[in-house]
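Every number here is computed from the coordinates shown, using simple stated rules; none is lab data. Values in this document were obtained by computation on a predicted structure and should not be read as measured data. In this analysis, Cβ positions are derived from the backbone assuming ideal geometry, glycine residues included, and neighbour counts consider all displayed protein chains.
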Amino acid sequence: MRTLVVVPTYNEAESIRPIIDRIRRAVPEADVLIVDDSSPDGTGRIGDELAALDPRVSMLHRPQKAGLGAAYLQGFAHAFAGGYDTVVEIDADGSHDPAELPAMLALLTTGPADLVIGSRWVDGGRVVNWPWARRAISRSGNRYARWMLRSRIHDLTAGFRAYRTSSLRGLDRTVVSSQGYCFQVELAWRVEAAGGTVVEHPIAFVERENGRSKMGAGIVAEALVRVTAWGVSARFGRGPMRRAATE
Ligand SMILES: Nc1nc2c(ncn2[C@@H]2O[C@H](COP(=O)(O)OP(=O)(O)OP(=O)(O)O)[C@@H](O)[C@H]2O)c(=O)[nH]1
Ligand SMILES: [Mg+2]
């Protein structure tokens, strides 16, 4: 089984070396693709150095910051073109522990899963070093999205995932320009709505130690508005998400 681990980066100069090192040690047989949006702090240059030293690591430079969703879609296109069986999403900031990847990938290869989500909000999952307010926003946002979209998934916003590449085919053309949490919600929901099997694997999510978050109030608001609109149109409308939900 061939796996591509996609690592989107924007201003992760302090984090990029350690995370690539940890990924390589956790899943040495997997290829790694860093997708950088011309980070002003030189993350892309460090990525070039890592790629020059390690044939399993590649670097993709994008001309400007265009959001997490766009970076991942380009990474997925590489997975399709390269004939990879599975594709992994992971943050560069160390919040997601690559040591979980062998177990997550095993659920794809030996089990029935099309998508394995590294989940904070199932039994055994947790968050480390998050203030009370952040915890409450993530929990209640996920509960709202689960209810609104009639999903079975507890951590729809999670950014640590392993997909069977075939479960993403077709989605790349239809996914709209969601930026952050919303992109993750949309992808998980589409896999589920298309009849795919989604498994949540409990993880400990650790707050980033270096660099700054790119997720702000605007991205949370985008997610709330879109999830509400999708939920309403899935129930009452004729939009594309209704088709997705009923196909
Ligand atoms: N290429 C690219 N990567 C991005 C962009 N925005 C965020 N990222 C990366 O996507 C990952 C997730 O972003 P974070 O800022 O860590 O978001 P978060 O995990 O919700 O927020 P924190 O908990 O504060 O870390 C990180 O690896 C970022 O560097 C972007 O516009 N382009
Ligand atoms: Mg993060």
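By other beta-carbon atoms within 10 Å, ranking Val5, Val27, Val32 with the fewest at the front produces Val27, Val32, Val5.
Considering only beta bridges that DSSP places wholly inside the chain, some 25 percent are antiparallel. Proximity of backbone amide H atoms, modeled 1.01 Å from N, is registered between His201 and Ile117, Gly118, Ser119 at under 5 Å, excluding neighbours fewer than 5 places apart on the same chain.
When Phe236, Phe160 are sorted by how many other C-beta atoms sit within 10 angstrom of their C-beta, beginning with the fewest, the order is Phe236, Phe160.
Rounded to the nearest 20 debye, the dipole magnitude of the stretch 3-246 is 1200 debye, with +1 charges on Lys and Arg beta carbons, -1 on Asp and Glu beta carbons, and the Cα centre as origin.
Please compute one quarter of the surface area of the Cα convex hull for the stretch 3-246 and express it in square nanometres. With the hull built on Cα positions only, its mean projection is 12.2 nm².
Listed by Cβ neighbour count within 10 Å, with the fewest neighbours leading, His78, His96 appear as His78, His96.
Computed over the chain, the per-residue total of -39500 (n - 2.57) for DSSP H runs of n ≥ 4 gives a 222 nm mean residue ellipticity of -13500 deg cm²/dmol, rounded to 500. For Val7, nonlocal amide neighbours, meaning residues 5 or more places apart or on other chains whose placed amide H falls under 5 Å from its own, are Leu33, Ile34, Val35.
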